[in-house]
Structures are given as C-alpha cells and as structure tokens.
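Participant: I have a structure I would like to understand better, so I am pasting it below and will then ask my questions one at a time.
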Amino acid sequence: MSIILCRVDEIAEGTARSFVIGGGTARRDIVVARKDGHIFAYENSCPHEGTPLETFPDKFLNQDGSLFVCSTHGARFRIEDGFCVSGPCEGKALMSVAVLIEHGRLSVE
Ligand code: FES
C-alpha cells in the first residue's frame with residue numbers, strides 16, 4: 001500500500017522537506033528534495049550517528065541548495081545520490097527511499 005506524502009509541486013526547486021509516516025516501530029522519517037527538476041528521497045538518518053539531518057524544520061540544504069548538510073556534525077551529502085562528500089561519515093551515503101509520482105502526487109510504498 002502506498003502512502004501519499006504531498007503534491008509533487010509542493011517540493012519547490014532547490015528545497016527539501018521532511019515527512020514522518022507511521023508510528024511506533026513502523027515510524028519512518030523521510031527527507032525529499034528537488035534538484036534540477038528531479039525528486040530525490042532518503043531516510044532522514046545521518047550515517048554517522050543516526051540522527052535526523054535537520055535541527056530546524058525543513059532546513060536540510062546548504063546555502064546554495066547544492067548539498068544536504070547534517071546539522072549535528074556538518075557532514076555534507078550530494079542530493080543526487082546521498083553520497084557523503086565531507087565530514088565524519090565521508091564515503092558513506094544516506095539510504096535512498098523509492099518514491100512514486102502519479103497524477104501529480106508523491107508517494108512511498
Ligand atoms: S550525526 Fe551527522 S555528521 Fe555526525
């Protein structure tokens with residue numbers, strides 16, 4: 001069963017948003033970003049210590065919107081593939097999440 005997150009046009013170019021779905025042990029925290037017109041989604045969990053990336057709501061990206069930044073220790077990740085390019089978990093990557101876009105709506109399985 002898929003879960004609708006939002007309308008795809010609610011993720012503006014150069015921004016990212018978080019979504020929490022489920023609860024208890026089934027809870028999932030997902031971050032979705034749009035870059036160059038493409039949508040990318042990851043588990044919102046830094047591969048360094050497993051903390052959420054953001055401190056402030058939906059503040060995931062660096063100033064020019066080119067990289068995710070972990071607010072805990074400053075690791076930076078490519079938006080396109082979640083690969084960590086600098087910081088304490090350099091060489092690791094965010095865990096990607098498969099999303100569907102149908103009828104203008106974004107959903108996850
Ligand atoms: S928890 Fe993300 S860089 Fe340390």
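Any read-out appearing in this document is the output of simple, stated calculations on the displayed coordinates, not a laboratory observation. Predicted model only: the values in this text are computed from it and were never measured. Positions of Cβ are generated from backbone atoms using ideal geometry, with glycine treated the same way; all protein chains shown enter the neighbour counts.
Participant: Residues in the stretch 69-109 that are of a type in the set (Asp, Glu) and within 10 Å of the ligand (Cβ to nearest atom): how many?
Facilitator: The number of residues fulfilling the criteria is 1.
Participant: While we're here: Which of the residues spanning the stretch 63-109 are part of a loop (DSSP other than H, G, I, E, B), touching a Leu at 6+ places or on another chain (Cβ under 7 Å) and small (Gly, Ala, Ser)?
Facilitator: SER71, GLY82
Participant: Right, something else. Search the stretch 20-68 for residues being of a type in the set (S, T, N, Q) and more than 22 Å from LEU100 (Cα to Cα), and hand back the single one that is nearest to the ligand (Cβ to nearest atom).
Facilitator: THR51
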